[in-house]
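Each remark here refers to the structure printed beneath this line.
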Amino acid sequence: MLLKPLLISCRQAAELMSSSLDTRPDLLTRLKIALHGYLCPPCEYLRKQFIFIDTLLQHRHGEHKTHDITLPHDIKDTIKKKLVDNNRI
């Protein structure tokens, strides 16, 4: 089969999609990801999620550091209450 060298598993697709966020993949890798996404809707959805998260992180990178982000006290209290109610604390 002509397409067999381009067919990859979902695990391989996820790894290639993740690494492609850091460096631009070569043409063959892009074809493998695209073909897999065409044949596997859940992996295409995962690819879109990767891109969305990467875009958010790039956008936030220069504005705030993650350790500077805190929850409002009322939200913290709500979480604590739910944890206590569920015997998690």
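If the condition is being closer than 21 Å to residue 57 by Cβ and surrounded by fewer than 12 Cβ atoms within 10 Å (Cβ to Cβ), then the stretch 1-37 contributes 19, 22, 23, 24.
Counting only residues that are at pLDDT below 85 and surrounded by 10 or more Cβ atoms within 10 Å (Cβ to Cβ), which one in the stretch 58-79 is nearest to residue 15 (Cα to Cα)? Only one residue tops the list, namely 58. Would you pick out the residues in the stretch 1-27 that are over 24 Å from residue 55 (Cβ atoms), assigned to a helix (DSSP H, G or I) and touching a helix residue (DSSP H, G or I) at 6+ places or on another chain (Cβ under 8 Å)? Within the stretch 1-27, 6 is the sole residue that qualifies.
Scan the stretch 25-56 for residues that are hydroxyl-bearing (Ser, Thr, Tyr) and either under 16 Å from residue 5 (Cβ atoms) or more than 17 Å from the chain's Cα centre (by Cα) (or both) and jot them down.
Taking the stretch 25-56 first, the residues hydroxyl-bearing (Ser, Thr, Tyr) are 29, 38, 45, 55.
Those that are hydroxyl-bearing (Ser, Thr, Tyr) and either under 16 Å from residue 5 (Cβ atoms) or more than 17 Å from the chain's Cα centre (by Cα) (or both): 29, 38.
The values are calculated or read from the model by the stated rules, or taken from the named source; none is laboratory data. Every value quoted in this text rests on a predicted model; they were computed, and no experiment measured them. Here Cβ is always computed from backbone atoms with ideal geometry, including for glycine, and neighbour counts include all displayed protein chains.
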